[in-house]
Every structure is written in C-alpha cells, then in structure tokens.
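As structure tokens, the structure follows; a few thoughts come after it.
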Amino acid sequence: HTIGDIGVDGALYSVMEFTGEAMHELDMDGRFTMANMAIEAGAKTGLFHVDEKTRRYVAEHANKSFTAYEADPDAAYARVIQYDVGKIEPQVAFPNIPSNVRPVSQAGEVKLDQVMIGGCTNGRLGDLRTAARILEGRQVYPDVRCVIIPGSQRVYLEALKEKLLETFVKAGAAVSTPTCGPCAGQHMGVLASGERGLATTNRNFVGRMGSPEAEVYLASPAVAAASAVLGKIASPEEVMS
C-alpha cells in the first residue's frame, strides 16, 4: 500500500521509519517484511522502534550484545505520512512494478498459472502458518502450480515440526528447500511465456521470474494461498467464508 502511494522512488536515498499503534501490534515477521520492502521504495533501509518484542526476538536468536538506537525526541523528518490501516484491505501489485498496486477487491478476474509462497520477503514461520490455515482441508486449483519455499533451513525445520509442510503437500503444493529459486528466475517455478504468476516476493519486473512475456503479481501469503485455491487472484475471505 505504501509503495503504491509514494512510488518506487518515494523514499530514494532515505531511511523509512515505521511507527504507530499498528506497528506496535505487528509481530516480528510482519516487521521484517515491511523493512525488506522499504528497499522497493528506494530507501536505504526500514526501521522499527525497539520494543519488548524486538528485545525478546534478539535474545532468542542472537548470542551477542546489541545497542538500541532511537530517534531523537525532536527529530525532524523529511516527510511524515499517516495511514488508517483499519481502512486498508489486502493489496496486490500488478505487473511490472511494485508500485502498480490496487486493492484485491479491484483485481478483477486474473487467472493464474502459478502461486509462489515464501522467499526472503514472506517465508518466515508466521507466513507459512497463515498460508497453511487457508490451505488446510482444501486443494490447490487443478490448473495452478503452488510452490512453497521456506525462508531458511530453520524455518523449514520448524514448519516440519508443526506439520505445516504436510498441510501443503496434502493440498497439492510442492515444497522446496529454501532458495531464491523462482523469485530470481532461476529454478523451481520459472514462468513460461504467457504465464501468470502470483508471488509473495518483493519484485515483479519484466522477466524477473522467467520469460519476459510472463506476468508477475505480488501479494501477501494470505492472498496467495486463497488465490492458489481459487485459481485466480482472490481475497482470503472468498475462501474462508
């Protein structure tokens, strides 16, 4: 949504700082996704306030001490943008740039050949849990390839222990070892000419996931999982209701 608002150069050579009530409630997986996508707005990095969630995460995952930096109380910002997230529905980035965004309710009838869930942007355990909740007890649409790529070996093992991978396989998805794979147009889901793919990755440039004649759409794990079930771009509500 933000990139659709400010554009892929809206934060050029800047640092994006995400604050507010919604950001405080956001879990670490969601924060990592937003920080990752800050680069797609042209920013150098994306930052969040260091709160108790952050400190717990670092304590669980790091064995070194760290220093927390905060913005000065009187810090001057180049630009401040406020959003009421309660009024924002799931978004989809259409080809061929991450800023070509529209609400999923305005996507229309976009039939898909492939759905990729995972990668560095949305391949953490929370993302896979979200996708599994939607795919559990359901089947991937017959004409769609659904590829699941955990973001790391650690996530892969945790998803295995929670039987999330079993849910994906039973739904008809293919589970890959952690890899950049189709996101970089290398393997495990490269799009052919004329195909349409929806991915939870960060970029949808021409030729990014394979053929220059393919179309790449970007969305969240929830939208991606729902779309895999219905064979077209769809909201989670269409599947879960």
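Each reported figure results from applying straightforward, stated rules to the coordinates on display, with no laboratory input. Note that the structure is predicted; figures quoted are calculated from it, not measured. In this analysis, Cβ positions are derived from the backbone assuming ideal geometry, glycine residues included, and neighbour counts consider all displayed protein chains.
Numbers below:
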{"read-out": "Convex hull projection area averaged over all views, region 192-241, Cα basis, nm²", "value": "3.2 nm²"}
{"read-out": "CD proxy at 222 nm, helix term only [per DSSP H run n ≥ 4: -39500 (n - 2.57); per residue of the chain; nearest 500]", "value": "-8500 deg cm²/dmol"}
{"read-out": "0 to 90° range, to nearest 10: angle between helix 221-230 axis and the chain longest Cα axis", "value": "20 degrees"}
{"read-out": "Region 99-182: equivalent-ellipsoid semi-axes (sqrt of 5 x gyration tensor eigenvalues, Cα, Å)", "value": "22, 16, 12"}
{"read-out": "Rg ratio (alpha-carbon, reference 2.2 N^0.38 Å) - region 1-159", "value": "1.17"}
{"read-out": "Region 66-85-region 92-168 distance, computed between alpha-carbon centres (Å)", "value": "32 Å"}
{"read-out": "Taking the convex hull of Cα positions in region 91-240, its mean projected area over all directions (nm²)", "value": "7.3 nm²"}
{"read-out": "Test item: Cα-centred dipole of the chain, Lys/Arg +1 and Asp/Glu -1 on Cβ, debye", "value": "700 debye"}
{"read-out": "Ascending count of other beta-carbon atoms within 10 Å, so fewest first, for CYS120, CYS183", "value": "CYS120, CYS183"}
{"read-out": "Scattering profile of region 2-87 at q = 0.11, 0.15, 0.24 Å⁻¹ [log10 I(q)/I(0), Debye over alpha-carbon scatterers]", "value": "-0.34, -0.63, -1.39"}
{"read-out": "Residue order, fewest to most surrounding Cβ atoms within 10 angstrom, among VAL144, VAL92", "value": "VAL144, VAL92"}
